[in-house]
Amino acid sequence: MNNVKSGPCVVCGHRSEDLSESFEILFFNCPRCGLFRITYEAKEFVENLSEKHLISGFIREEHVRRRKPFIKKSDLAQIISTAPREVLELMDRLLLNLQAMMIPKIGPVAIAPGEDYSLGYCENEEVFNYIIEMLRADGFVKSSTSPSYNLTVTPNGWRRIREISTENRMTSKQAFVAMAAAEEYNQIYLEGIEPAIRATGFDPYLAKAHKDPRMIDNRILREIRKSRFLIADVTGHRQSVYFEAGYALSLGLVVFWTCDKKDKKNCAFDTRQFYHVFWQNTDELKADLIDFIGANIH
Ligand SMILES: [Zn+2]
């Protein structure tokens, strides 16, 4: 047992067990983030990040949702752009994580703020204590007072969780497809995107299949809000596609960016940091999307 190395967690700095066996993939057991793997490339990116706590929050949340976090550089832009930041968002997220921790054994959750502030995507213990105070003031949780808490979700809290779940579209079966509307792109949808969405158990909503293809109206925004995730095929680089993808990102939806490899050089500068699948044919697009949806939508 004494050959276990220890050192600061590469994400949050907490003293952790370093279980890495290679230089390419680092493996940590951090009391604040939990057990996670991270590529060396991603670690270098995180080191220069001012909002490291968002990555820590994401890793912790993956644990709460019973997944095994493995952080790659290509995931980071998405993680950062969809992480909660405002007080009300932090309250909702903490409540959802508490709910997941209370199941299947319904009972109080013991919380140590110094190690558990990652559960609320918080930057530090002070912010976390404030978020709990707000949840208590709203009557969503009951707890003993700081420095450590035994948190229980109240009936009001359970009602709020039901509301958020609907708002969050966590149970939605709809996948929104944002893509250029002209006929020349039909194959991309019919042979690549649509079969991939159906193969993974979702129902596609293609904006151009419904009325005016060029107009982004309230109906489109409503359909994005109802969707579980969004596929943005930016081939042809229509502004509406980038707009719809940006709107989805702001709502916290997972966005899959795809593009015909031949059209790669025209990708919008501002979104290039998001991971794109550059496909060479529709079979490849379909296969990549099936892998992506399977790995990211649970
Ligand atoms: Zn950590």
May I ask you to say which residue of 46, 87 is closer than 26 Å to residue 127 by Cβ, surrounded by fewer than 17 Cβ atoms within 10 Å (Cβ to Cβ) and among the β-branched types (Val, Ile, Thr)? 87
State whether the residues of the range 7-16 include one that is within 14 Å of the ligand (Cβ to nearest atom), of a type in the set (A, V, I, L, M, F, W, C), assigned to a strand (DSSP E or B) and surrounded by 20 or more Cβ atoms within 10 Å (Cβ to Cβ). no
Which one is farthest from residue 249 (Cα to Cα), of the residues in the range 268-298 that are in contact with a helix residue (DSSP H, G or I) (Cβ under 6 Å, 6 or more places away or on another chain) and of a type in the set (Phe, Trp, Tyr)? 279
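Considering every residue within the range 274-293, establish whether at least one is at pLDDT 90 or above, part of a helix (DSSP H, G or I), among the aromatic types (Phe, Trp, Tyr) and within 14 Å of the chain's Cα centre (by Cα).
Within the range 274-293, one or more residues are at pLDDT 90 or above, part of a helix (DSSP H, G or I), among the aromatic types (Phe, Trp, Tyr) and within 14 Å of the chain's Cα centre (by Cα).
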Every residue in the range 121-137 that is touching a Gly at 6+ places or on another chain (Cβ under 7 Å) and either within 16 Å of the ligand (Cβ to nearest atom) or within 14 Å of residue 14 (Cβ to Cβ) (or both), please. 121, 125, 128
Would you say residue 185 is within 16 Å of the ligand (Cβ to nearest atom), assigned to a helix (DSSP H, G or I) and in contact with a Ser or Thr (Cβ under 9 Å, 6 or more places away or on another chain)? no
Examine the range 247-258 for a residue that is at pLDDT below 80, surrounded by fewer than 19 Cβ atoms within 10 Å (Cβ to Cβ), in a loop (DSSP other than H, G, I, E, B) and on the phi < 0 side of the Ramachandran plot, and state whether such a residue exists. no
Note on residue 5: of the conditions (1) under 30 Å from residue 139 (Cα atoms); (2) without any contact (Cβ under 8 Å) to a residue 40 or more places away in the chain, unmet is (1)
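Can you find, within the range 228-246, the residue that is nearest to residue 202 (Cα to Cα) among those that are assigned to a helix (DSSP H, G or I) and hydrophobic (A, V, I, L, M, F, W, C)?
245
The values are calculated or read from the model by the stated rules, or taken from the named source; none is laboratory data. Note that the coordinates shown come from a computational prediction; the quantities given were computed from them, not determined experimentally. Methodologically, a virtual Cβ is constructed for each residue, glycine included, from the backbone with ideal geometry; neighbour enumeration extends over all protein chains shown.
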